Amino acid sequence: MKVSVILGHPRKRSFSSAIAAAVVGALQEKGHQIFFHDLYEEIFDPLLPKNELLRHTELEQKIEEHCSELSSAEGIVIVHPNWWGQPPAILKGWVDRVFRPGVAYEFKEGGSGEGIPDGLLKAKIAVIFNTSNTPEQREREVFGDPLEAIWKTCIFEFCGVKNFFRKNFSMVMTSTFEERRKWLEEVREIVKRLF
């Protein structure tokens, strides 16, 4: 299986980076083909230039590569921290530039402008691992868990990926070494089970 793994965290020694490494290791053990991108390490430009708003336009080679990998991916794993109830800007910009019409979705012919999409992604599953320093109960009760809605409904269901799994690891800042070790083992088990 071809699996796209995307990391959006600025620190190489972050727990998000450790999660991404555990994901890649578990996928390699299962023999999957992996497209891995650490967006900060690659200095991915999240700013969507105006010419990329056009459906038929020439894209930078890096963006073409990301689009091609996303189109061919049979599974997608994204790892990031929860910042203000959202992914980091670099990851939001990656979505803006790579989840393009003709790549991730098309609008249905004959539509009256209501924006009903045909999802084009062939991925069978999308998995989000995110980290947080907000207690999970507070995240749900006070903030309504916006990351769940963003990834599951606004992005993946919109683009045709119906099988979705998300795991939030909290509270990372106050967690112990042993808690983080167990969480990484849980990541490996989830990846092996889902892929």
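Throughout, read-outs are computed from the coordinates displayed, never taken from laboratory work. Bear in mind that the values here come from a model prediction, so they are computed numbers and not experimental data. Don't worry about glycine lacking a Cβ; one is built from the backbone with ideal geometry, like all the others, and counts go over all protein chains shown.
Which one, Glu29, Glu106, Glu60, has the greatest fluctuation when you compute a Gaussian network model over the chain with C-alpha springs under 10 angstrom? Sorting by GNM fluctuation, first place goes to Glu60.
Axis of helix 89-98 versus longest Cα principal axis of the chain: the two differ by about 40°, to the nearest ten degrees.
Quick check on the exposure proxy: order Leu39, Leu47, Leu120, Leu7 from fewest to most C-beta atoms within 10 angstrom.
Values: Leu39 21, Leu47 9, Leu120 17, Leu7 27.
With the sparsest Cβ surroundings first, the list reads Leu47, Leu120, Leu39, Leu7.
Based on the Cβ-Cβ distance from Ser68 to Asp118, what FRET efficiency comes out when R0 is 22 Å, to the nearest 0.05? Before the final figure, lay out the partial values.
Numbers: r = 19 Å, r/R0 = 0.89.
The calculated FRET efficiency here is 0.65.
Expressed as an acute angle from 0 to 90° and rounded to the nearest 10, what is the orientation of the C-alpha long axis of helix 15-29 relative to the principal long axis of the chain? Long axis of 15-29 versus the principal axis of the chain: about 80 degrees. Amide H contacts for Phe169 (H built 1.01 Å from N in the peptide plane; partners 5 or more residues away or on another chain; cut-off under 5 Å): Asn130, Thr131, Ser132. The angle between the Cα long axis of helix 177-194 and the longest principal axis of the Cα atoms of the chain comes to about 40 degrees, rounded to the nearest 10. A simple spin-label model places pseudo-atoms 7 Å from Cα toward Cβ; at Lys162 and Glu29 they are separated by 3.1 nm.
Report the relative contact order of the chain, percent, no decimals, based on alpha-carbon pairs under 8 angstrom and at least 6 residues apart. Don't skip to the answer; put the middle values down first.
On the way: 320 pairs, mean separation 49.6, N = 195.
25 percent.
When the Gaussian network model of the chain links Cα atoms closer than 10 Å, the mean-square fluctuations of Lys182, Lys92, Lys122 top out at Lys182. Would you please classify the overall shape of the stretch 38-93 from the alpha carbon gyration tensor, given that a ≥ b ≥ c denote the square roots of the eigenvalues, rounded means a/c under 1.5, and beyond that prolate means a/b larger than b/c while oblate covers the rest? Verdict is oblate for the stretch 38-93.
Bridge orientation summary for the chain: considering DSSP beta bridges with both residues in this region, about 15 percent are antiparallel.
Residues whose amide H comes within less than 5 Å of that of Phe35, counting only those at least five positions distant or on another chain, are Val3, Ser4, Val5 (H built at 1.01 Å from N in the peptide plane).
With the cut-off at under 17 Å, measuring from each backbone N in the stretch 117-136 to a point 7 Å along the Cα-to-Cβ line of Thr153 picks out 117.
Among Pro49, Pro146, Pro117, the largest mean-square fluctuation in a Gaussian network model of the chain, built with springs joining Cα atoms closer than 10 Å, belongs to Pro49.
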